[in-house]
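First the structure, in the form of structure tokens, and then the observations on it.
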Amino acid sequence: MASSKSLASLSVAGLLDAVAARTPAPGGGAVSALAVALAAGLTEMAARFASGEEAAVARAAELRAQASQLADEDAAAYARFLRDRDPGPIAAIPLRIAELAAETAELAARLTAEGNPNLRGDAAAGAALAAAAAVSSALLVRINLEGSPGDERVARAAELAAAAAASAAHALG
């Protein structure tokens, strides 16, 4: 990314241009994190319209903020990786994104069943978007750790992606 401006502070057009630019970052990790942030935003909105879901509103807001921050951290970590060739941070960040995605998908799926029926589609969209982000993040963990056969983070990321996919399937069911 050419500037130190947070990805979340860019306009939608500016973000799309930054992703499409001929630069190494932002890439798949940052975009996955932003997808989780959007999914958490949809989940937060659905929770706000549901009676008695103050805890869900607060947790979804936390997930949204954490995911947004990880988008910037991922872009910075990839720039460091290109300089230092240390895969540690570029594996840790997508794993954390997958964790947030799985939790977001689970929360959104619960809201499709227990929340306001008028927001069921929004909660289900949040679950589906979070699941997609978990799958792409798990893929990045696997790719980033190709030089470390047997690293347990690969299996953990795959488990998180499967859990998120199950939550999305429940939400969409």
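The values are calculated or read from the model by the stated rules, or taken from the named source; none is laboratory data. The shown structure was predicted, so the numbers you read here are calculated from the model rather than taken from an experiment. With ideal geometry, Cβ positions are generated from the backbone for all residues, glycine too; neighbour counts draw on all protein chains shown.
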Counting only residues in the stretch 69-94 that are surrounded by 21 or more Cβ atoms within 10 Å (Cβ to Cβ) and within 11 Å of the chain's Cα centre (by Cα), the one nearest to Gly27 (Cα to Cα) is identified as Ala71
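In the list Arg96, Arg142, which residue meets the criterion of being touching a helix residue (DSSP H, G or I) at 6+ places or on another chain (Cβ under 7 Å), farther than 18 Å from Leu34 by Cβ, charged (D, E, K, R) and in a helix (DSSP H, G or I)?
The unique qualifying residue is Arg142.
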Given (1) assigned to a helix (DSSP H, G or I); (2) without any contact (Cβ under 8 Å) to a residue 24 or more places away in the chain, number of the condition Leu70 does not satisfy: (2)
Quick one: how many residues across the stretch 24-56 are closer than 15 Å to Ala164 by Cβ and modelled with pLDDT under 95? 0
Matching entry among Glu106, Glu159 (being out of contact with any helix residue (DSSP H, G or I) (no Cβ under 6 Å at 6 or more places or on another chain) and either outside any helix (DSSP H, G or I) or at pLDDT 95 or above (or both)): Glu159
Which of the residues spanning the stretch 40-66 are more than 14 Å from the chain's Cα centre (by Cα), in contact (Cβ under 8 Å) with a residue 24 or more places away in the chain and within 16 Å of Arg120 (Cβ to Cβ)? Met45, Ala46, Ala47, Phe49, Ala50, Ser51, Glu53, Ala56
Residue tally, condition over 23 Å from Ala91 (Cα atoms) and among the charged types (D, E, K, R), over the stretch 6-46: 2
